1. Considering only residues of segment 4-18 that are part of a loop (DSSP other than H, G, I, E, B) and either more than 11 Å from the chain's Cα centre (by Cα) or in contact (Cβ under 8 Å) with a residue 24 or more places away in the chain (or both), which is nearest to Pro40 (Cα to Cα)?
2. Would you check which residues across segment 19-36 are aliphatic (A, V, I, L, M), surrounded by fewer than 16 Cβ atoms within 10 Å (Cβ to Cβ) and part of a loop (DSSP other than H, G, I, E, B) and list them?
3. Which residues, taken from segment 17-34, are among the acidic types (Asp, Glu) and under 14 Å from Ala53 (Cβ atoms)?
4. Is there any pair with a first residue in segment 20-34 that is without any contact (Cβ under 8 Å) to a residue 24 or more places away in the chain and a second that is exposed (fewer than 13 other Cβ atoms within 10 Å of the Cβ) and acidic (Asp, Glu) whose Cβ atoms are under 6 Å apart and which are 6 or more apart or on different chains, and what are they?
5. How many of the residues in segment 18-46 are within 13 Å of Leu4 (Cβ to Cβ) and modelled with pLDDT under 95?
Amino acid sequence: MTDLNSILAPGMFVRHPDYPDWGVGQVQSSIAGKITVNFPDQGKVVIDGTRIALLVVFDP
């Protein structure tokens, strides 16, 4: 599997593939595979980028 999470940078928008009800979140940081995303309906969540492939949203 290609690590698509490696392209994530602060300010980008993403969705969590397992929790679409969280809405579109904004990446806060991406350090050593740990991605912090601020979701409008869930708050700040730290995601293990080695286990979850976030879905990039190009037009939030």
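The values are calculated or read from the model by the stated rules, or taken from the named source; none is laboratory data. Please read these numbers as outputs of a predicted model, since none were measured by experiment. Cβ placement follows ideal geometry from the backbone for every residue including glycine, while neighbour counts extend to all protein chains displayed.
1. Ranking the qualifying residues of segment 4-18, first place goes to His16.
2. Of everything in segment 19-36, just one residue is aliphatic (A, V, I, L, M), surrounded by fewer than 16 Cβ atoms within 10 Å (Cβ to Cβ) and part of a loop (DSSP other than H, G, I, E, B), namely Ala32.
3. Asp18
4. Cβ pairs passing all conditions: Trp22/Asp41; Gly23/Asp41.
5. 2
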